Each structure stands twice: as structure tokens, then as C-alpha cells.
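The values are calculated or read from the model by the stated rules, or taken from the named source; none is laboratory data. The shown structure was predicted, so the numbers you read here are calculated from the model rather than taken from an experiment. Please note: Cβ atoms are built from the backbone with ideal geometry, for glycine as well, and neighbour counts cover all protein chains shown.
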Amino acid sequence: MKLGVIGGSGVYNIEGLENAEWRRISSPWGQPSDALLYGQLHGVEVVFLPRHGRGHVHSPTGINYCANIDILKRAGVTDIVSVSACGSFREELSPGTFVIVDQFIDRTFAREKSFFGNGLVAHVSMAKPVCSRLGDMLEKGAAAVGIPHARGGVYLAMEGPQFSSLAESNMYRALGCDVIGMTNMPEAKLAREAEICFATVAMVTDYDCWHPHHEAVDVASVIKVLQDNARHAGDLVKQVVQQIAGAAAHRSPCPQGCDQALEMALMTAPDKRDAALMARLDAVAGRVLKGNPK
């Protein structure tokens, strides 16, 4: 089991990381956000990816999500913990709360959302987009270090980069969403296509703009809470790694089938598949494409 962690500097500047080394991996899907930081925690291999690049140079829309997931797959990552800031639609999910979400609503519209397309069509299930095994580890880890947390919730992925209007914020609340962010889609969809177990930790920084007793969200307030959350995020990753280390000898297939998501997903007949696209999919879909005619 090799854990991949996607997040900001508060997550990858983690105390106790041994044999830390930045390595660049090329991808046929273009330039990823940054190099990967390899290291070991409690004897477990961990790979960190700065989602926005070091120094926060990529906007949510400008992130090459396909390349990011592709290089994590090439690095041998089997499980991804995605850590990101979010706004809250619920009074009880106050700033500083970590929400281990289990569902998404995708409202993004300007991003490449699939590795597949014309010449090689595939449809994966997103009914249960978050790996319950990883979710269990995150919940246990948050409790162990005393992080305010909630298990379950709906993450609304918006395009950004602007924050919501008041009308949008109220609409998303009425739809039953719990938190809002700009980066977990298509991350979760692409991880599913790459057969990587995926779980999200949405770190609440604000109440978006719906709350009548809190000012509208602004960058300064978000950054302050982000800094406060950073240490907790690192502690949580360490807790998950400890659980992985303890269970490494008992690694079993994903109970939800995340690692078999492509098993019945490919629709295009083997003799009709586009050779160039198949070549780009050598890492993401190599398990199911191996041995098939080009």
C-alpha cells in the first residue's frame, strides 16, 4: 500500500518525513501541478503532491487534474487522501471542522473530466465515490488527535475562482449540500478511473456567504483558518499512516471495488480502440488493457 496525499504546504511540510526527495515524473497528459515529494512515515511509503504547485501558482480551473492523477498512478500510489479547504453550509460545521465527505455534486464546467473519450469509451460508477476503508481511517485518526470532525456530507464542487454569490450559496444549501470547494472535481472522478482508492478531507475555513451573522468570505479570513488547520492536517496524515503500517501485512482488495473500477467499464471493442489513446492510458488503465489488441 502506498499512500498519496494531495494538498497544500501544511500537508507536505510534515514533521518526521524520512528520506524526503522531490522527483519529477512526466505524463502523457501534460504538465502536472508540481514534482512529487517522496518519503517515509512509520515505514510506509508516502507521496505528496502540491495541488496548486509550491507557491500556489495554479488556479482551481488551471490545475491539470489528469496529469496529477496519472503521475500518482505511475508512482505506484494505491490510495489517495485529498485535503482541501472548503466553505460550510451548516451551522454545526464551523471553521476548523474537518469533514470526511462521502458524496459530491459536480458544478464545474471548464475542466477535462475523464481519461477516456472518442476511440476508447469507458463508464465508471460514481455512486459511492469515496472509499469507505480510507474514510474509516480518517475518522479514527481525527478522533485520536482531537480534531473536530464530521463523517459524511455532500461536497459541492464549483468552478471558481470567485466565491459564491449569496443566491448561489442559498441554492446549494437548499439542495442539501454540506460544504463547498473548487478542487475535488474532477479529482475524485479521475482517481476512480485510475482504480485508486480516494477519500476527501474538507477543512472548513468559513461559512461561505449565507450565514447572517458572519461576514462574507474573503481571502484574508480563509488564509488565517487555513494556517490554523495546517498542523491538524499533518497530524491526521500521520494517524492514517500509522493505521496503514499496522495493517500492512493484512492488505486486502478494496471492499468497495475501487481498485477494480474499470473491470466492466470499457465499452469500445478491442479492434476499434484508438492506439494513441491506449498509449496514453498505459498507467491509468494498463491493468485492463494489457493483452488487448491495439
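Among the residues of the stretch 264-288, those identified as in a helix (DSSP H, G or I) and either within 13 Å of Ala122 (Cα to Cα) or of a type in the set (Lys, Arg) (or both) are Pro270, Lys272, Leu277, Met278, Arg280, Arg287, Val288.
Would you be able to say whether some residue in the stretch 216-237 is at pLDDT below 95, closer than 30 Å to Leu266 by Cα and surrounded by fewer than 17 Cβ atoms within 10 Å (Cβ to Cβ)? Checked against the condition, which is being at pLDDT below 95, closer than 30 Å to Leu266 by Cα and surrounded by fewer than 17 Cβ atoms within 10 Å (Cβ to Cβ), the stretch 216-237 yields no hits at all.
Kindly indicate whether any position in the stretch 83-100 is out of contact with any Gly (no Cβ under 6 Å at 6 or more places or on another chain), surrounded by 14 or more Cβ atoms within 10 Å (Cβ to Cβ), polar (S, T, N, Q) and part of a strand (DSSP E or B). Scanning the stretch 83-100 turns up at least one residue that is out of contact with any Gly (no Cβ under 6 Å at 6 or more places or on another chain), surrounded by 14 or more Cβ atoms within 10 Å (Cβ to Cβ), polar (S, T, N, Q) and part of a strand (DSSP E or B).
Residues are listed down the side, and each one gets a yes or a no for (1) assigned to a helix (DSSP H, G or I); (2) among the basic types (Lys, Arg); (3) over 15 Å from the mean Cα position of the chain (by Cα):
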| site | (1), (2), (3) |
| --- | --- |
| Val124 | no, no, yes |
| Ala127 | no, no, yes |
| Val130 | no, no, no |
| Gly135 | yes, no, no |
| Glu139 | yes, no, yes |
| Ala142 | yes, no, yes |
| Gly146 | no, no, yes |
| Ala150 | no, no, yes |
| Pro161 | no, no, yes |
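Residues of the stretch 1-57 that are within 30 Å of Ala275 (Cα to Cα) and in a strand (DSSP E or B): Gly4, Arg23, Leu36, Leu49. Taken together, the criteria exclude Ile105 from residues that are within 30 Å of Ala35 (Cβ to Cβ) and within 15 Å of the chain's Cα centre (by Cα). Taking the stretch 146-167 as the region of interest, how many residues are at negative phi and loosely packed, with under 14 Cβ neighbours inside 10 Å? Total satisfying the criteria: 5. In the set Gly43, Gly55, only one residue is touching a helix residue (DSSP H, G or I) at 6+ places or on another chain (Cβ under 6 Å) and on the phi > 0 side of the Ramachandran plot; that residue is Gly43.
Cβ-Cβ distances below 8 Å connect the following pairs, each with a first residue in the stretch 107-121 that is on the phi > 0 side of the Ramachandran plot, a second residue that is assigned to a loop (DSSP other than H, G, I, E, B) and modelled with pLDDT of 95 or more, and a separation of six or more residues or different chains: Gly119/Thr268; Gly119/Arg273; Gly119/Asp274.
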